[in-house]
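Below: one structure, written as structure tokens.
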Amino acid sequence: MAAKKKWPVVLMATTLFAGVLAGCGSNNKNDNASPTATSTAGSSPSSSESASPEAVKPITFSFYSEDPNPNWANMQDETGKVITEKTGVTIDAEFAVGDPVQKSALIASSGKYPDLIAAKNSINKFVDAGAVIDLTDLIDQYGPNIKKVYGDQLKRLYYSNDDHAIYVLPTVAGVDQHYFEAGGGFSLQHRVVKELGYPKMRTVEDFENAIKQYLALHPTDDKGNKNIGISLNADDWHMYISVTNPAFFATGGPDDGEYNIDVDTNKVTYHFLRPAEKDYFKWLNHMNAEGLLDKESFVQKYDQYKAKVASGRVLGLIDQLWDYADGEKALKAEGKMEYAYGHYPITLNESFKETSFWPTGFMAGNGIAISKTNPDPVAAIKFLDYLASDEGQVLLNWGIEGKHYTVENGKRVMIPEVNNRRVNDATNFAKETGIGFYNTMGPHYGDGVKDPTDNYYTLKFPEQLTTDYSDVEKEVLKGYGATIWKDLFPKEEEFKIKPWGAAWNIPIPSDSDITVLDEKLKNITWKMIPKAILAKPEQFDGIWDDYVAQLEKAGVHKAEELRGQLVADRVKLWND
């Protein structure tokens, strides 16, 4: 591994913030935290509040993110305006279009860096280019809330075993995260299971039978258009989410990107080489042969896929909720609640557990960095520290007291009309309010964590989820003896915590052969998996054998070996 460049922090003389509003406080983040004498449940600013002119110095930071945000409103949303009032900071954002890794590589090699950089697995490119600074001293001097959020997980922010600099503040998941929302698994429209009397939903055979039976009863929609059994989203990187990742979820494998890692031995295998996954793709081949798979799955663009979901004709999806949410939101906005989707822990057969809730521990690695050309690193870290404060966290998640939520008997409650818009008119709501936009810009608590007032920081907790559900969704859940969708899935405690977190979250050194090998393997996989699925059933085995042979010729076992070393290094860094 090449030596990492460690750039000193230059603390520039400037007019600084009067201070971050929320103090360091206790690091007790459990669900039983009791209110303090001085804290109030409504800790975000009201819409009439503004910071005094002396407290902040207006500054604009350029910001680059690999993740798209089509609803970004240049901080002119209601939440963004309050953040600017409180911190003086305005964000001039650029979001990657096309291949984010390629875009990041171009920026890293250009020498012209955004002030704030939210690169995911490409952060190593910026570190190797000397483009980002070590945040350790800045956090120590100006980040009490950052330190409070990360708590005893701060060690996981170290870049590597050889370089204990902190180049990024992790944002990929909240600290002490407890997932309540089941947004993965196999998704099936409520109208299907209702009409069939809530059939068992446990294996791919169950899923197939439900779709087949419903299509026999309703081959077309009310306009005469053909209903579709299952549609996949294979446009560019969505191939991972809708086509290839479900193969390990449905066969008992945790989400470690393109590799399966044995939690007991740490042995690394390119996950497609697992025999069970061949059987999963053979099932998709069978679904295609039966006419139950959308013929356009491997040629449609993302917008076409979402439009197809929004049409209500697609009975089943194998995808993550966030990937198809825009289409479902359109259905809900039209009041078509029976056309929305439930989430089921489908596996290849009952010998496997669906792994959506396999715990990773705190996920460090990907996050936000401050570039070496940032004009005011102190202002930047104070901005991020405000976002991490109790006041900032409530504002980012709940919005403005009196406008978006109220406090009733010490509990924060979303105003019903506002919450209805949040759930059923989500796109316009997000653009106008900015609620949920800014969490991934800085350190944040996870779902299920309570603040000092005994209220949850985020809006994802069981009581709020049930409030968000439509009557139809509640009816379907009741039909399956559940309150929330997670009730149907294997629980976290049924799995061992992975000591490396998630392998896809481990930065790859720029000088590693893995980068080249992974690209070769990806190109082969993205060509051969669709070919195998769309082939005649009698051709499947021959195509699969050819696929494996191509992987071996391309160096798949060398890639497994190199990835194994990265996993071993991560385990040592985080656990020794």
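The values are calculated or read from the model by the stated rules, or taken from the named source; none is laboratory data. Worth saying up front: this structure is predicted, and the values here are computed from it rather than measured. Positions of Cβ are generated from backbone atoms using ideal geometry, with glycine treated the same way; all protein chains shown enter the neighbour counts.
Please verify whether I381 is over 20 Å from T467 (Cα atoms), among the hydrophobic types (A, V, I, L, M, F, W, C) and outside the structural domain of Q304 (by TED's automatic domain parsing), treating the condition exactly as stated. Spell out the reasoning first.
Numbers: over 20 Å from T467 (Cα atoms): yes; among the hydrophobic types (A, V, I, L, M, F, W, C): yes; outside the structural domain of Q304 (by TED's automatic domain parsing): yes.
The answer is yes for I381.
Looking at segment 509-524, is at least one residue in a helix (DSSP H, G or I), in the same structural domain as T347 (by TED's automatic domain parsing), out of contact with any His (no Cβ under 7 Å at 6 or more places or on another chain) and more than 25 Å from A234 (Cα to Cα)? Full working, then the answer.
Filtering segment 509-524 for residues in a helix (DSSP H, G or I) gives 514-524.
Cutting the leftovers down to in the same structural domain as T347 (by TED's automatic domain parsing) gives us 514-524.
Still in the running and out of contact with any His (no Cβ under 7 Å at 6 or more places or on another chain): 514-524.
If we keep only those that are more than 25 Å from A234 (Cα to Cα) as well, we get none.
There is no residue in segment 509-524 that is in a helix (DSSP H, G or I), in the same structural domain as T347 (by TED's automatic domain parsing), out of contact with any His (no Cβ under 7 Å at 6 or more places or on another chain) and more than 25 Å from A234 (Cα to Cα).
If I ask for residues that are over 23 Å from the mean Cα position of the chain (by Cα) and of a type in the set (K, R), which ones from segment 374-422 would you list?
Listed by number, the residues that qualify are K382, K403, K411, R412.
With the requirement that a residue be more than 24 Å from the chain's Cα centre (by Cα) and of a type outside the set (S, T, Y), what does segment 478-493 give you? Full working, then the answer.
The first filter runs over segment 478-493 and keeps only residues more than 24 Å from the chain's Cα centre (by Cα), leaving 478-482.
Across segment 478-493, the qualifying residues are K478, G479, G481, A482.
Residues of segment 97-117 being touching a Phe, Trp or Tyr at 6+ places or on another chain (Cβ under 7 Å) and either among the basic types (K, R) or more than 16 Å from I508 (Cα to Cα) (or both), which ones?
Kept after step one, since they are touching a Phe, Trp or Tyr at 6+ places or on another chain (Cβ under 7 Å), are these residues of segment 97-117: 107-108, 114-117.
Once the filter is applied, which keeps residues that are touching a Phe, Trp or Tyr at 6+ places or on another chain (Cβ under 7 Å) and either among the basic types (K, R) or more than 16 Å from I508 (Cα to Cα) (or both), segment 97-117 yields I107, P114, D115, L116, I117.
Looking only at residues that are touching a Gly at 6+ places or on another chain (Cβ under 8 Å) and closer than 22 Å to M414 by Cβ in segment 461-494, which one is surrounded by the most Cβ atoms within 10 Å (Cβ to Cβ)?
Out of the qualifying residues, it is W485.
Since L384 meets every condition but one in (1) out of contact with any Leu (no Cβ under 9 Å at 6 or more places or on another chain); (2) touching a residue at least 24 places away in the same chain (Cβ under 8 Å), which condition does it not meet?
So the condition that L384 fails would be (1).
Of the residues that make up segment 15-34, is at least one of a type in the set (S, T, Y), surrounded by fewer than 18 Cβ atoms within 10 Å (Cβ to Cβ), at pLDDT below 50 and touching a strand residue (DSSP E or B) at 6+ places or on another chain (Cβ under 9 Å)? Step through it out loud before you land on a result.
Taking segment 15-34 first, the residues of a type in the set (S, T, Y) are 15, 26, 34.
When the remaining residues are screened for being surrounded by fewer than 18 Cβ atoms within 10 Å (Cβ to Cβ), the result is 15, 26, 34.
From the residues that got through so far, the ones that are at pLDDT below 50 too are 15, 26, 34.
Narrowing further to those that are touching a strand residue (DSSP E or B) at 6+ places or on another chain (Cβ under 9 Å): none.
So far as segment 15-34 goes, no, none of its residues is of a type in the set (S, T, Y), surrounded by fewer than 18 Cβ atoms within 10 Å (Cβ to Cβ), at pLDDT below 50 and touching a strand residue (DSSP E or B) at 6+ places or on another chain (Cβ under 9 Å).
Give just the number: which of (1) in contact with a Lys or Arg (Cβ under 7 Å, 6 or more places away or on another chain); (2) modelled with pLDDT under 90 does V101 not satisfy?
Single failed check for V101: (1).
Filter segment 82-111 down to residues that are under 14 Å from L396 (Cβ atoms) and either free of Cβ contacts under 8 Å to residues at least 40 places away in the same chain or under 21 Å from the mean Cα position of the chain (by Cα) (or both), then give me how many there are.
Final tally of qualifying residues: 1.
For segment 266-296, how many residues are within 13 Å of T244 (Cβ to Cβ) and touching a strand residue (DSSP E or B) at 6+ places or on another chain (Cβ under 8 Å)?
Matching residues across segment 266-296 total 4.
For segment 168-270, list the strands (runs of 3 or more DSSP E) that sit wholly inside it and hold at least 1 residues that are polar (S, T, N, Q) and out of contact with any helix residue (DSSP H, G or I) (no Cβ under 7 Å at 6 or more places or on another chain); which are they? Talk me through it step by step, then tell me what you get.
Values: elements: 186-189, 228-231, 259-261, 268-270.
Answer list for segment 168-270: 186-189.
Among the residues of segment 325-340, are any of a type outside the set (D, E) and touching a Pro at 6+ places or on another chain (Cβ under 6 Å)? So that I can check it myself, show each step before the final result.
Restricting attention to segment 325-340, the residues satisfying the condition of being of a type outside the set (D, E) are 325, 327, 329-333, 335-337, 339-340.
Within this subset, residues satisfying the condition of being touching a Pro at 6+ places or on another chain (Cβ under 6 Å) are none.
No; the residues of segment 325-340 include none that is of a type outside the set (D, E) and touching a Pro at 6+ places or on another chain (Cβ under 6 Å).
Answer yes or no as to whether T171 is surrounded by 19 or more Cβ atoms within 10 Å (Cβ to Cβ) and outside the structural domain of A310 (by TED's automatic domain parsing). Even if it seems obvious, please write down each step before you answer.
Working: surrounded by 19 or more Cβ atoms within 10 Å (Cβ to Cβ): yes; outside the structural domain of A310 (by TED's automatic domain parsing): yes.
Judged against the criteria, T171 is a match.
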